[in-house]
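K.L.:
Before we start, here is the structure in question, set down as structure tokens.
The values are calculated or read from the model by the stated rules, or taken from the named source; none is laboratory data. These numbers come from a predicted model, not from an experiment. Note: ideal-geometry Cβ built from the backbone for every residue, glycine included; neighbour counts use all protein chains shown. For the accessible areas, the whole protein counts, side chains as well, though only heavy atoms, and no ligand, DNA or RNA atoms are used. Shrake-Rupley method; radii C 1.70, N 1.55, O 1.52, S 1.80 Å.
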Amino acid sequence: MHTAHPHLPANSIASMWDEQHFPGLNKPHIRYSDIKHIVADIAQDKRVQSNVIGYSCAGTPINRLSVGHGPLVLLAWTQMHGDEPTATAAVLDWLHILLSQTQPSLDANWASLVTLHIIPMLNPDGAEQRTRVNAQGIDINRDAKALQSPEGRILWEQVTTLKPDVAFNLHDQNPYYTAGEQGEAATIAFLAPAFHVDKHVDAPRLRAKQLIACMADAIRHWLPRHVGRYDDTYSLRSFGDNIAATGASTILIESGAYPGDPCRQTARKMNVVALQTALEALLSNQYMKKSLADYYSIPDNVEDGLVDIKFNQLRLTCFTEEFNADISVNVCRKSGEATIQHIGDLSVQQAFDYPASSNLRVLPLQGEVVNEPFILTQQSYLDRLAKGIVYFIGSPDNMTNESELPVLCLPDKLEHPWLKADSPAFWIMQHDNGSTVAVLNGQPIQVTKAC
Ligand SMILES: [Zn+2]
């Protein structure tokens, strides 16, 4: 009997991941010190060739782990943007699984058919600082032509000497992409980058698209609404586009958010599923059954389709204007600071979190001057919030916050007491029943009960 997935080899790799992934890499960020011992352990395996292929600007080794000795050459690199660590964990998991278990869905002699080269963490300096750019401040993925970064030169040297048939460019995207308009979070997005402005599809690019169609199929078994297709506008300075021009079937995988999964373990696992699926599809030639239409059936990866928090239909005031509006708030993953994104009709945007917001009126923002050292206790803060005071004016050095709540200190009194976009997400709301709710750094806190 044929089902939608008559042959789903990815099932076995997914259960292997459940058993075999590195638990120490389940964290919001990954630095070189997190992977150093894992890379060294994997390198101990006699089937693995380990090479230091160069050093970052600040002198950290950049490693390549290679398995297999076949004619089909695959090259994958991760974290060329230092703050995009998800695939670093995934490629190490994948290697570990490939080496530690028999692969029921892979040819027994797969290692004689392919050579797999993996560069986990191309930008260790950016990883250390948790920045996109390297130590020079250069975005390595805009340095493919100029090659002014050591990391960019190392990658380009690998591409020109190894001459990969298939190249995997592994990144993270911001959490606000959706799979299709008004869709769910794009946990994985794929792209077969163009190698020219006219976006011509040659044989290698066709194969990349066919492989992506196979990978998307496998992932949609678990996440039917969380896979997107990234925009293929040609990017002159980017590595993916330039590597595609060498004749490599080049595949960009962007790891994204999944609800309730701040460390992106869902995307991590799905990277392993995707990479294994691509390997199997290449070895079995299954990818040839896929068409361009299969690739284009993946919904667009839509930017800013999501926000972290959305308050629907609040009542606001601005000067004498009273109006109804939604308010969206995003929370910075690095600083934890919540910022108002938009105010208005946000009905097209989805959110990870929708706090209760009916029958609530936003009060004008009131501040209290703090000129002298001052201890803010939980109760004294709640008392002020109940009176409508939501921020403090003066040096934050004067304030010792002993409450368990976030506090907003501003150097000066706000010019207008009305909410606006791009400002910190602190305000107070009053319910029709008289109760008061404070929004402190994006989080609603009940201040007083109904009268
Ligand atoms: Zn990136």
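K.L.:
If residue 206 satisfies every condition in (1) more than 16 Å from the ligand (Cβ to nearest atom); (2) among the aliphatic types (A, V, I, L, M); (3) surrounded by 23 or more Cβ atoms within 10 Å (Cβ to Cβ) but one, which is the exception?
P.N.:
(3)
K.L.:
What number of residues within the range 233-269 satisfy the criterion of being closer than 18 Å to residue 176 by Cβ, part of a strand (DSSP E or B) and either of a type in the set (Ser, Thr, Tyr) or more than 16 Å from the ligand (Cβ to nearest atom) (or both)?
P.N.:
Looking only at that region, the number is 1.
K.L.:
Same structure, new question: If residue 128 satisfies every condition in (1) assigned to a loop (DSSP other than H, G, I, E, B); (2) closer than 21 Å to residue 86 by Cβ; (3) open to solvent by 30 Å² or more (accessible area, probe 1.4 Å) but one, which is the exception?
P.N.:
Status for residue 128: all satisfied but (1).
K.L.:
With the requirement that a residue be surrounded by fewer than 17 Cβ atoms within 10 Å (Cβ to Cβ) and among the aliphatic types (A, V, I, L, M), what does the range 289-316 give you?
P.N.:
Residues satisfying the conditions are 292, 293.
K.L.:
Separate question: Look through the range 70-88, keep the residues that are within 18 Å of residue 277 (Cβ to Cβ) and surrounded by 19 or more Cβ atoms within 10 Å (Cβ to Cβ), and return whichever of them is farthest from the ligand (Cβ to nearest atom).
P.N.:
That would be 74.
K.L.:
Which residue pairs have Cβ atoms under 9 Å apart, sit 6 or more places apart or on different chains, and have a first residue in the range 131-145 that is under 19 Å from residue 243 (Cα atoms) and a second that is among the β-branched types (Val, Ile, Thr) and within 12 Å of the ligand (Cβ to nearest atom)?
P.N.:
139/133; 140/133
K.L.:
Could you say which residue among 348, 390, 369 is of a type in the set (Val, Ile, Thr) and surrounded by 15 or more Cβ atoms within 10 Å (Cβ to Cβ)? Spell out the reasoning first.
P.N.:
Details: 348 fails: surrounded by 15 or more Cβ atoms within 10 Å (Cβ to Cβ); 369 fails: surrounded by 15 or more Cβ atoms within 10 Å (Cβ to Cβ).
Exactly one of 348, 390, 369 is of a type in the set (Val, Ile, Thr) and surrounded by 15 or more Cβ atoms within 10 Å (Cβ to Cβ), namely 390.
K.L.:
Same structure, new question: Pick from the range 45-69 the residues that are free of Cβ contacts under 8 Å to residues at least 40 places away in the same chain and in a loop (DSSP other than H, G, I, E, B): which of them is least open to solvent (accessible area, probe 1.4 Å)?
P.N.:
59
K.L.:
Go through (1) surrounded by fewer than 21 Cβ atoms within 10 Å (Cβ to Cβ); (2) touching a residue at least 24 places away in the same chain (Cβ under 8 Å); (3) part of a helix (DSSP H, G or I) and name the single condition residue 161 misses.
P.N.:
(2)
K.L.:
Turning to a different aspect of this structure: Being buried (at least 20 other Cβ atoms within 10 Å of the Cβ) and not aliphatic (A, V, I, L, M) is the filter here; which residues of the range 15-30 pass it? If you could, list the steps in order and put the result at the bottom.
P.N.:
In the first step, residues of the range 15-30 are kept if they are buried (at least 20 other Cβ atoms within 10 Å of the Cβ); the result is 16-17, 21, 25, 30.
Of everything in the range 15-30, those that are buried (at least 20 other Cβ atoms within 10 Å of the Cβ) and not aliphatic (A, V, I, L, M) turn out to be 17, 21.
K.L.:
Could you tell me which numbered condition residue 221 fails, if it satisfies all but one of (1) part of a helix (DSSP H, G or I); (2) under 21 Å from residue 292 (Cβ atoms)?
P.N.:
(2)
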